[in-house]
Structures are given as structure tokens and as C-alpha cells.
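Some notes on the structure that comes next.
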Amino acid sequence: MATTGKSLWQKLSAVSSENPEDKAYGKKLFREFTQHGYIQISPAQRITISAAAVIDFYRRLSLIRSSSSPVGRRRDDRWLRNGDFQILDVRDYGSFFRLLMELPRLRTDSIVFNPVTECDKSRPLHPKSHSHIDNRYSDPFLDSCGLSLEDQFRLLLSAAHLCGKKTGYFLSPLIDPASAVIYRKPEFFTWTSLSGREEKKEVLIQGIQRLVQAEFERSGCYDYSRLKTLAAKNDLAVVEEPGGSVCFDFTEEGGLVYFSGIFPGLQSRFPLDFVYLALPSALSDEKIQTLYKVLRVKGACKRYTGWVLELSEQRNPPSDPVEPVVLVNQGKDRFEMDEESIHSWFHGLGNLHEKNKGRIYPVTQGVFLSRDHGSSKDLLRSLFLSRFSTVSLFRRPLILQGDMAEIQNRMEDIYQRYEVVLDKGHLLRVVADESFAWWIIREKGRLLIPLMALDNPEGKNPGTIKIDYSLITGKNRILSVVDSDFSSAQGSLFLSADHSLTITDLKPGSFRLFSLQ
């Protein structure tokens, strides 16, 4: 196993064809990252950065930062519910190395890597293997430097840690129908007779075991695609889910234990911090609770970490968690930005707060946003609502899919400016009309008033909006107000002495943020 500390980056720097221009550009990227916490470059610019400049950037970063896990340096688990998550797929970049310069662009503090083990292109989230890294992700430059495929993945995870990111891994009980474990351990799955004849599970399993053994004796190897075909010819088939993937049978103890050991096995080989567990909608609440308990016993959740669980709306989260849980439902937050949706959103925040009151470890509902869902304007409004309405224990982490950097950069700098207000503040009032909505957040002597235009069937414009905050601040104070429309990092400053805000120029589909103190 190659080391992934600063000595490795120095070795890579020594063997790369570094010229003065590459070194200067690596230094420029390093200064920008250390000053702002991220690098603002487009995807088109990212792919033009030379390998030598990438290595120089990380070499410099490794001199001032540790490549060990940020979780390992913590003494609490608040990072999970206070953080945000970006889902990354190495297939979108081509290799582990080509993904390196995406990491410093990200504004989230945690990354979820989709499976990097062998899989069929048609089922990238449901791999054939949970142990063999897909050799399509190997990089010729790193190959020439003597780094194995596994070491290249470790290098990527090390780079994420250097950028201050926690590293997660996507895991699902759904696997490819040509997976080795299906035929080597058929008792872990549900089998059926293609002709519809009634047979006990034991009989079906014995039939597939005899077939596998006979084929191995004939050929001396295991061809799992061929075994699937042979099984069908012998009236046998493993039960498949919609889409063609296969799910472990969690009524079978062996299958439950095997699946529960997959992530600890990966964690023993690679510096991964947490697991993103995507559970199919057909899995019952009872099986989910059983799986959760076994996962905990198997040690898949280390100290000061927790779970990111992807569940359908019909399923319940763990009833009594002993570590924080972030729930994800990819369809739940796709709604129209109208009055009814806003009322539902804040009602849901209240329910979330009530459910977590008696819990030592809260269950938090994440907000899933995908670049493929909606226009940039719709995503911006969704991001604005998510960022500036979820305060304190109401906070809902972001789970992002696709390149959102350009959209995020218009939001995150202002969000970070008011992060303390949102973290410690209280949601006091919500007003939603058919064409606009606003709410008030107070933290000590500061107020935040987010305002957004809503969609409505008649296409009605917001018109004149008056926001009276006198009952909160009293009538004898002159307040300074910063009005941010997110067109730039700086807002406009003015004084307010009439205990209210009057807005006449809120455009359809837009939003504003007012900070008063």
C-alpha cells in the first residue's frame, strides 16, 4: 500500500514533467483555495489543468494540512447533521486522477462516491463486485508512477481529506444479476422456478449449487453470465427487482451478515468515513430495523460518525438511533414553488423538530437537489429555501447530485456570512401568499428576513409587499438593513426607522434576503 501523505505528493511532483508555468498555476490555485476555501473554475477550465499543476497544488496543500480523516480529529458527531453532501460518480470524469481538481471546486464538506467496483454500465449503482475496483478508472499517468488501482483510489480519498472533505460511499443491497456472490452463496438470495412449479427454497438452492459445481468441474472457472443462462435452461432463476437488479434476502441470517460486512471491509482498505445506504422501497420497515441493528453490531458506523439513509416516503427511519441519521428521499422535495408547497415545507420542519425533541441523536431530513431536475432558476430558489429556512434543529442538510458549483457559489458566500444566525437562531413567523412568501429568523439582536416570489396559476406578480417586524424589535429602534438580491456578494445598505420593509420590485421567480440589526 502506497503512503498517501505529503511524501507521496512530493514523489509525484518529482516524476511529473513540471515546468515553470505548471508550478506557477499550481501556486495560484493553492493561494485561491487557502484564501477562499474553494476554487472558482468552470468544468471546461478544470479539464485543461495539466497533471503537473494538479500535483503541485496538492503537494503544497499537503505541507500545511493532514491527509487523515477530518472525522478522526473530531470529538463529536455534529458534523453529520450540520454538513452537506455532494454525490460524485467517477464515470463522469473518466479516472480517479481526473476527479482530483473537482474536489476543491465543491462547497459541500462531505462527498459520497458512487460505487467504484466492477459493474455493468447499465447498472452503475448495483455492482457485480464489492471488492474489485473497476480498472476503467485507472489513470495512465499514475500507472506510470507505479501506483496500483487501489492506491489510485486511496490517493483520491487522501486528496478529499486534504481539501477538508469527509468521504462517504454509496452502498445498496441491490446488486448485478451476474454477481459472483449470487452463485457462490445462493442461499443469500431468493430463487424461483421459471415454470412456476412450487418448490421449497432448499430444493432450489441445491439445484443451483449442483449446476455451479458441475460447470466448474467442466470448465475450471466461474463464468457468472453463463451460469445465469444455464440456470434458466434448468428452470431456475434468482428473483430480480424492477430494473433487473437482485436484492439480498434479509430473512436469511447469512445474507444479512454478509451484506453488513461489505462497508467495514471497504473501510479496512480505504480511508472512507461514512456510508450512504440506499434501501429499496420494497424493503419492509421490519427488515430495515433488523438490517440497521446488524450493521451497527458489525461496526460499519465508527465513533463520531452516523448514517446517510436513502429511504422511500413509505418507510420509517430507525426508531431509536444511537448515532445521528440523515434521511434522503430523492422524490420528496421536488415540488412547485407555490403557496401550498411553502406551507407544507414549514409544516414538515415543525414535524421534524417535534420528532427529534426526545432523541439524543436526531434523525435529520436531507434536501436532495439534482442538476438534472429543473432549470437553474428553479434550483436557485430551491437552494435559497433550503439554506435560509432551516435553522438550529430544523436544519436540513443538502444532498447534491451533478455540477452545482456555479449555482452554489451565488448562494454559499452569503449563507456563510449568516451561518451563526441560522445555527443559533429561531424561526418566529412565516407568511405565504399566492405570489410571495417571507419568514423571520431572530438570533439575539439580529433578524434575517428571507423573501421569495411564488408561482401561481394566474401568473400573478408579487406587487407591493409590506413586512412589519415591529412586534419583534419594538417601535423605538432604527435598524440598519442589508438587502441582498444575490446578484453579487455585497448587498445594499440602508436605514429603517418605520419598523417595516416595503418591497415593490420583487420579480417573478426571484428572491431576496434582508439582514437587520
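Anything in the range 249-268 that is within 18 Å of GLU286 (Cα to Cα), of a type in the set (S, T, N, Q) and open to solvent by 20 Å² or more (accessible area, probe 1.4 Å)? List them, or say none.
Correct list: THR251 only.
So, in the range 99-109, of the ones that are out of contact with any Asp or Glu (no Cβ under 7 Å at 6 or more places or on another chain) and of a type outside the set (A, V, I, L, M), which residue ends up farthest from TRP79 (Cα to Cα)?
Of everything passing the filter in the range 99-109, GLU102 is farthest from TRP79 (Cα to Cα).
Being open to solvent by less than 10 Å² (accessible area, probe 1.4 Å) and in a helix (DSSP H, G or I) is the filter here, so list the residues in the range 80-94 that pass it.
LEU80, VAL90
Which residue pairs have Cβ atoms closer than 6 Å, lie 6 or more positions apart in sequence or on different chains, and pair a first residue in the range 282-293 that is under 13 Å from GLU253 (Cα atoms) with a second residue that is surrounded by 18 or more Cβ atoms within 10 Å (Cβ to Cβ)?
Within 6 Å, the pairs are LYS287/PHE250; LEU291/PHE250.
Confirm whether GLU323 is part of a loop (DSSP other than H, G, I, E, B), within 25 Å of VAL239 (Cα to Cα), within 21 Å of the chain's Cα centre (by Cα) and of a type outside the set (S, T, N, Q).
no
I'm checking my understanding of the structure. Among residues of the range 350-364 that are over 13 Å from ARG81 (Cβ atoms) and not in a helix (DSSP H, G or I), which one is least open to solvent (accessible area, probe 1.4 Å)?
Among those residues, the one meeting the criterion is GLY358.
Could you please tell me which pairs satisfy a Cβ distance under 7 Å, a separation of 6+ or placement on different chains, a first residue in the range 398-416 that is within 12 Å of GLN40 (Cα to Cα), and a second residue that is hydroxyl-bearing (Ser, Thr, Tyr) and at pLDDT below 90?
Close Cβ pairs (under 7 Å, with a partner that is hydroxyl-bearing (Ser, Thr, Tyr) and at pLDDT below 90) amount to ILE407/SER376.
Any chance you could count how many residues in the range 23-69 are acidic (Asp, Glu) and over 16 Å from SER7 (Cα atoms)?
Number of matching residues: 1.
Give me the residue from the range 304-314 that is at pLDDT 80 or above and part of a loop (DSSP other than H, G, I, E, B) and, out of that set, farthest from VAL328 (Cα to Cα).
Here the residue is SER312.
When you scan the range 391-408, how many residues do you find that are open to solvent by 10 Å² or more (accessible area, probe 1.4 Å) and more than 16 Å from the chain's Cα centre (by Cα)?
5
Working only within the range 474-517, note down all residues that are over 12 Å from ILE414 (Cβ atoms), open to solvent by 30 Å² or more (accessible area, probe 1.4 Å) and touching a Lys or Arg at 6+ places or on another chain (Cβ under 8 Å).
HIS499, THR502, GLN517
Six or more apart or on different chains, Cβ under 8 Å: which pairs go from a residue in the range 170-181 that's of a type in the set (D, E, K, R) to one that's open to solvent by less than 10 Å² (accessible area, probe 1.4 Å)? Could you list them?
If the second residue must be open to solvent by less than 10 Å² (accessible area, probe 1.4 Å), the pairs left are ASP176/PRO127; ASP176/SER245; ASP176/VAL246.
For PHE170, are the conditions met, namely being modelled with pLDDT of 95 or more and not in a loop (DSSP other than H, G, I, E, B)?
Here the answer is yes, as PHE170 does meet what is asked.
With a cut-off of at least 2 residues that are modelled with pLDDT of 90 or more, name the helices (runs of 4 or more DSSP H) lying wholly within the range 404-492.
Where helices (runs of 4 or more DSSP H) fall fully within the range 404-492 and carry at least 2 residues being modelled with pLDDT of 90 or more, they are 405-417, 419-424.
Does any residue in the range 462-482 that is over 10 Å from HIS499 (Cβ atoms) come within less than 7 Å, Cβ to Cβ, of a residue that is not in a strand (DSSP E or B) six or more places away or on a different chain, and which pairs are these?
PRO462/SER435; PRO462/LEU506; THR464/THR504; ILE465/LEU506; SER480/GLN517; VAL482/GLY491
Name the one entry in LYS293, LYS287 that is over 30 Å from GLY164 (Cβ atoms), of a type in the set (Lys, Arg) and modelled with pLDDT of 85 or more.
After ruling out the rest, the residue left standing is LYS287.
Out of the range 8-40, which residues are of a type in the set (Val, Ile, Thr) and either closer than 26 Å to ASP143 by Cβ or outside any loop (DSSP other than H, G, I, E, B) (or both)?
Once the filter is applied, which keeps residues that are of a type in the set (Val, Ile, Thr) and either closer than 26 Å to ASP143 by Cβ or outside any loop (DSSP other than H, G, I, E, B) (or both), the range 8-40 yields VAL15, THR34.
Please enumerate the residues belonging to the range 2-55 that are open to solvent by 60 Å² or more (accessible area, probe 1.4 Å), closer than 27 Å to GLU150 by Cβ and among the basic types (Lys, Arg).
Selection gives LYS6, LYS11.
Tell me the residue from SER131, SER219, SER158, SER195 that is open to solvent by 10 Å² or more (accessible area, probe 1.4 Å), under 25 Å from PHE113 (Cβ atoms) and hydroxyl-bearing (Ser, Thr, Tyr), please.
Criteria check complete, one pass: SER131.
Please work out which one of (1) farther than 30 Å from TYR224 by Cβ; (2) buried (at least 17 other Cβ atoms within 10 Å of the Cβ); (3) without any contact (Cβ under 8 Å) to a residue 40 or more places away in the chain; (4) of a type in the set (A, V, I, L, M, F, W, C) is the condition VAL116 fails and give its number.
Evaluating VAL116 over (1) farther than 30 Å from TYR224 by Cβ; (2) buried (at least 17 other Cβ atoms within 10 Å of the Cβ); (3) without any contact (Cβ under 8 Å) to a residue 40 or more places away in the chain; (4) of a type in the set (A, V, I, L, M, F, W, C) leaves (1) as the failure.
Can you find even one residue in the range 48-58 that is in contact with a strand residue (DSSP E or B) (Cβ under 6 Å, 6 or more places away or on another chain) and among the hydrophobic types (A, V, I, L, M, F, W, C)?
No: zero hits.
Kindly list the number of the only condition in (1) under 22 Å from SER488 (Cα atoms); (2) touching a residue at least 40 places away in the same chain (Cβ under 8 Å); (3) in contact with a helix residue (DSSP H, G or I) (Cβ under 9 Å, 6 or more places away or on another chain); (4) buried (at least 19 other Cβ atoms within 10 Å of the Cβ) that fails for SER382.
Checking SER382 against (1) under 22 Å from SER488 (Cα atoms); (2) touching a residue at least 40 places away in the same chain (Cβ under 8 Å); (3) in contact with a helix residue (DSSP H, G or I) (Cβ under 9 Å, 6 or more places away or on another chain); (4) buried (at least 19 other Cβ atoms within 10 Å of the Cβ), the one that fails is (3).
The values are calculated or read from the model by the stated rules, or taken from the named source; none is laboratory data. Quick caveat: nothing in here was measured; it's all calculated off a predicted structure. For neighbour counting, all protein chains shown are included, and Cβ atoms are generated from backbone atoms with ideal geometry for every residue, glycine included. SASA here: full protein model, heavy atoms, side chains in, ligands and nucleic acids out. Shrake-Rupley method; radii C 1.70, N 1.55, O 1.52, S 1.80 Å.
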